[in-house]
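The values are calculated or read from the model by the stated rules, or taken from the named source; none is laboratory data. Predicted model, so just to flag it, every value in this text is computed and none were measured. FYI the Cβ positions are ideal-geometry reconstructions off the backbone, even for glycines, and counts take in every protein chain you see.
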Amino acid sequence: MKSILVANWKMNPQTMREAKGLFDATRKAAESAKDVSIMVAPPAIFLRELSQAYKGKRISFAAQNAHFQKEGAYTGEVSMSQVKDAKAAAVIIGHAERRAMGETNEETRAKINAAMAQKLQPIFCVGEHERSGAGEHFLFVKEQLRAGLQDIVPANLGKIVIAYEPVWAIGATEAMTPRQMHEMTIFIRKSLVGSHGDKAMKIKILYGGSIDETNAREMVLEGEVQGLLVGRASTNPAKVSALIKSLA
Ligand code: PEP
């Protein structure tokens, strides 16, 4: 089965010229990686130019965030329809860095619904801030899933990608272990089957947090995930090439 790689560039790079260079490195590596499905999530201001120039099939585009309202007086925001019009196929929702800026569970729910209405694939990020050893992180993640997905009918669940990203492993020195991820993959699937029925077995689960070319393959195979959401390593041309090759 194909693995998914979501390249979350965050607020990088600083010029369109550099963005084109980074995209080019990603595109070249993607050409020889048939079994990796790559989604590039550039800053919104670079999205249209990159997507319009790309004529291949291996890479699709995602926005890093979009507003849940259709239009109107929301200075600095972009709407789901604008993202769709810029040729994105997906949108990241509930990323830890957006939640840290105040995004609530209720807003993730509204954004998921707004994305679905525009036929954009939600890449729904969940993950706890810390682990105490007593297992509360499972309940924390379960609540994020419940809140965000409560309006989704079982038949639509397969259109959503869940990106589990423990906040403590994002931008860190080490990723979570594949064994810990395996346990979380089972937990997420079980929770969703409990809330949405057997259709939830189809949902795709990604891991995110301090992944690069050295640990990506092991995480996919042993963590039982369908792919990865990657920040830092996706913004370095040499590292993103090595990462894609390691998954191919
Ligand atoms: C992220 O921000 O979603 C992320 C996974 O970042 P990094 O790969 O840099 O830890």
Exercise. Could you tell me whether Ala62 is more than 20 Å from Ala238 (Cβ to Cβ) and within 16 Å of the ligand (Cβ to nearest atom)?
Key: yes
Practice problem: Scan the stretch 7-29 residue by residue and report those that are aliphatic (A, V, I, L, M) and away from the ligand (no atom under 16 Å from the Cβ). | Solution: Met16, Ala19, Ala25, Ala29
Quiz prompt | Any chance Lys142 is closer than 27 Å to Leu120 by Cβ, modelled with pLDDT of 95 or more, more than 11 Å from the ligand (Cβ to nearest atom) and under 14 Å from the mean Cα position of the chain (by Cα) | solution = no
Quiz item: Restricting attention to the stretch 198-248, and to residues there that are modelled with pLDDT under 95 and farther than 16 Å from Ala30 by Cβ, which single residue is nearest to the chain's Cα centre (by Cα)?
Solution: Ile203
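Of these, Glu103, Glu97, Glu128, which one is part of a helix (DSSP H, G or I) and either of a type in the set (Asp, Glu) or surrounded by 15 or more Cβ atoms within 10 Å (Cβ to Cβ) (or both)? Spell out the reasoning first.
Values: Glu103 fails: part of a helix (DSSP H, G or I); Glu128 fails: part of a helix (DSSP H, G or I).
Matching residue, one of Glu103, Glu97, Glu128: Glu97.
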Practice problem: From (1) surrounded by fewer than 20 Cβ atoms within 10 Å (Cβ to Cβ); (2) in contact (Cβ under 8 Å) with a residue 60 or more places away in the chain, pick out the condition that doesn't hold for Glu71. | Solution: (2)
Self-check item: Members of the stretch 92-111 found to be away from the ligand (no atom under 16 Å from the Cβ) and either of a type in the set (D, E, K, R) or under 13 Å from the mean Cα position of the chain (by Cα) (or both), listed by number
Solution: Glu106, Glu107, Arg109, Lys111
Quiz item: What are the residues in the stretch 11-63 that are closer than 21 Å to Leu120 by Cβ, basic (Lys, Arg) and assigned to a helix (DSSP H, G or I), if any?
Solution: Arg48
